[in-house]
Amino acid sequence: QLIRQYSVRDPSHIKTWGKSGHTLPVTSMKFHQSNVFLATASVDGSVRIWDVRGAYITHVFRPYQGVESNGMRGVTSIQWKSTSTKELVIAIGREDGSIAIHDLRDTDDENLVFLHDHGSAVTCMDWKNDEFFISTGRDSVLNLWREEKRGQEEG
């Protein structure tokens, strides 16, 4: 798949970024609130983070081998955490009901978070400030996850 850039006011083709790198159709795209990064997600299970200024890929996330799955690993939903333009956290929801939350600044996935409570594909996710993460899926369940800071105990 190619990524092409156009102008809305003048629909003439501006430039082609190149191939997206996805091997199957793209299912979701989201701009980071800084307007610097674009995330693309695919049925092939990968998420690619683009720097739109230079039209190049900065990160690629694939399904993790150690996570149980029913074989369906395509990405059905992505959502940036947008409490700050400096925060670079993205949630990736999959067909198997799993969610992975990545911090782009975490080079060794030390703070990678896996959530798995949906019985089928994750369809929508969002954050409410720094306190709650919400997910819903085709299983007709809405999960409200409370974000705990390291060392914080529930009171």
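The values are calculated or read from the model by the stated rules, or taken from the named source; none is laboratory data. From a predicted model like this one, the values you see are computed outputs, not experimental measurements. Note: ideal-geometry Cβ built from the backbone for every residue, glycine included; neighbour counts use all protein chains shown. Side chains are part of the model used for accessible areas, which takes the heavy atoms of the whole protein and leaves out ligands, DNA and RNA. Shrake-Rupley method; radii C 1.70, N 1.55, O 1.52, S 1.80 Å.
Excluding ligands, DNA and RNA, the accessible surface per residue across the chain is 59 Å² with a 1.4 Å probe. Taking amide hydrogens as placed 1.01 Å from N in the peptide plane, the amide H of residue 94 sits under 5 Å from those of 76, 122, each at least 5 positions away in sequence or on another chain. When you count the other C-beta atoms within 10 angstrom of each residue and take the mean per peptide, 26-36, 73-83, 115-125, 138-148 line up highest first as 73-83, 115-125, 26-36, 138-148. Amide H contacts for residue 143 (H built 1.01 Å from N in the peptide plane; partners 5 or more residues away or on another chain; cut-off under 5 Å): 135, 136.
Here the contact order of the chain, divided by its residue count and restricted to Cα pairs under 8 Å and six or more residues apart, works out to 13 percent. Basic side chains Lys and Arg get +1 at the Cβ, acidic Asp and Glu get -1 at the Cβ, and with that the dipole of the chain about its Cα centre reaches some 940 debye. Taking a sphere under 15 Å around the Cβ of residue 23 and counting the other residues whose Cβ falls inside, with K and R at +1 and D and E at -1, yields a net charge of +3. For segment 28-127, the set of GluC sites (Glu not before Pro) satisfying both a DSSP loop assignment and a count of at most 12 other C-beta atoms within 10 Å is given as 68, 110. Think of the chain as having a plus end and a minus end, set by charges on the Cβ of Lys, Arg, Asp and Glu; of 137, 32, 104, 32 sits farthest toward the positive end of this dipole. Amide H to amide H, with H built 1.01 Å from N, residue 42 comes under 5 Å of 27, 75, counting only residues 5 or more places away or on other chains. Placing 23, 85 in order of accessible area, with the largest value first and a 1.4 Å probe, yields 23, 85.
Give me the percent of the accessible area of the chain that comes from carbon and sulfur atoms, probe 1.4 Å, all protein chains in place. Here carbon and sulfur together make up 49 percent of the probe-accessible area.
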